[in-house]
1. With the structure loaded, tell me whether Ala346 is surrounded by 14 or more Cβ atoms within 10 Å (Cβ to Cβ), over 16 Å from Asn163 (Cβ atoms) and free of Cβ contacts under 8 Å to residues at least 40 places away in the same chain or whether it fails that test.
2. When the residues of region 307-316 are filtered to those that are modelled with pLDDT of 95 or more and not acidic (Asp, Glu), which remaining residue is surrounded by the fewest Cβ atoms within 10 Å (Cβ to Cβ)?
3. Return yes or no: is Asp354 within 27 Å of Arg174 (Cβ to Cβ), at pLDDT below 95 and charged (D, E, K, R)?
4. For Lys361, state whether it is closer than 16 Å to Val190 by Cα and not aromatic (Phe, Trp, Tyr).
5. Which condition from (1) farther than 21 Å from Gln123 by Cβ; (2) modelled with pLDDT under 95 is the one that Tyr252 breaks?
6. Taking region 174-203, which residues are charged (D, E, K, R) and at pLDDT below 95?
7. Name the residues in region 1-13 that are at pLDDT 95 or above and buried (at least 18 other Cβ atoms within 10 Å of the Cβ), would you?
8. Residues being touching a helix residue (DSSP H, G or I) at 6+ places or on another chain (Cβ under 8 Å), part of a helix (DSSP H, G or I) and over 27 Å from Gln123 (Cβ atoms): count how many of those fall in region 155-190.
Amino acid sequence: MKVLMSCGGTGGHIYPAIAIADRIRKEYPDAEFLFIGTKSGMENRIVPAAGYDIRGIDASGFNRKNLLKNFKTLSDMVHGAHDAGKLIRDFKPDIAIGTGAYVTGTVLGKAHEAGVRCFIQEQNAVPGFTNKMLEPFVEKVFVSFDSAKEHFRHPEKCVVTGNPIRADFTGLDRAKCRAELGIAEGVTAVLITGGSLGALMLNEAALRLIDECAGKDIKLFFVTGRRYFEEISKSVQERPEAARACVDLIDYADNMPVLMTAADMVVSRAGAIAVSELLACGKPSVLVPSPNVTNNHQYWNAKAVADCGAALLIEETALKEDISTLAKAVLELSADRDRLSGMSSAAVKAAHTDAADLIFKELGI
């Protein structure tokens, strides 16, 4: 069994691909895997760390604001298609699975040309351009929200599976995770994460939260994103000792399952995989969807979770009007254990923890 996987860009595309590969490997320990991503994306670090081989090709998205920059995009498509075709001919996969990003369009397009059985997985409530483009060339489209089917031209191809997540998000012991992180008994632990790349507005609101938590029985684990880490670190060091003591700064969280399991609540963007992980861990959350995404899909992801009672939704416009909005919400929730418990129960009820199993079954291998 030879399996071609394609993903890139952000953790939201990369981790589902790894989860699917892990599930296939569980059934077929001797299967061979090849991931194809971009040459410089974070997939080149995350995928090998998960135990899989990866190759990179040229790929970039269309720029709708500066059309001149699309000459490079077209050049990348030509070179990327050539390199992808060679990799596919050499590897000779039995199936190809894409989980999003522009590179996936090139890879699965060439795999289809080579007669390989192709599948795609869509994480968001509103599908991305690449997966909509690939729909005619794949056998099945695995979607995470029932509402996503209406955005495809052939809804009969769609199978609602939920988002596949890493198994370690559901198998950890909370007490052990809290002990590992040094969280004392009676302390409310709050995880703050803006996604794998970080989020400027969310970071600014988190700094206000640090000020408000100083001296309280609250411990913050603040994942800043690598691009913002030095700036945030400097800002925190300028604060009083009580504020510095209440927060642990992290540039990129390789131990996200431990952090999330240990947390009493999570402040996060609303990427589809982040939302799925929160639900799988049964975590109450405060979701601040990014407005800078295609089709405003993070808002719809967040709304689905808020509507089921597992999250509070704060739009970024509210933070721009009053940066303390986030701090107020977190402090109110931390003081209401019954409400946190109810939100946790709602998250567990809404979770899809068998997505990888469902996808594996639908592959028919």
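1. Working: surrounded by 14 or more Cβ atoms within 10 Å (Cβ to Cβ): yes; over 16 Å from Asn163 (Cβ atoms): yes; free of Cβ contacts under 8 Å to residues at least 40 places away in the same chain: yes.
So Ala346 passes the test.
2. It comes out as Gly309.
3. On the way: within 27 Å of Arg174 (Cβ to Cβ): yes; at pLDDT below 95: yes; charged (D, E, K, R): yes.
It is true that Asp354 is within 27 Å of Arg174 (Cβ to Cβ), at pLDDT below 95 and charged (D, E, K, R).
4. Working: closer than 16 Å to Val190 by Cα: no; not aromatic (Phe, Trp, Tyr): yes.
So Lys361 fails the test.
5. (1)
6. Just the residues of region 174-203 that are charged (D, E, K, R), to begin with: 174, 176, 178, 180, 185.
Answer for region 174-203, where residues must be charged (D, E, K, R) and at pLDDT below 95: just Glu185.
7. Of region 1-13, the ones at pLDDT 95 or above are 1-7.
The answer is Val3, Leu4, Met5, Ser6, Cys7.
8. Filtering region 155-190 for residues touching a helix residue (DSSP H, G or I) at 6+ places or on another chain (Cβ under 8 Å) gives 155, 157-170, 172-174, 177-178, 180-181, 183, 188-190.
Okay, now just the ones that are also part of a helix (DSSP H, G or I), so 155, 157, 167-169, 174, 177-178, 180-181.
Remaining after also requiring over 27 Å from Gln123 (Cβ atoms): 178, 180-181.
The qualifying residues number 3.
The values are calculated or read from the model by the stated rules, or taken from the named source; none is laboratory data. These numbers were taken from a predicted model, which means no experiment stands behind them. Glycine gets a Cβ as well: all are built from the backbone with ideal geometry, and neighbour counts include every protein chain shown.
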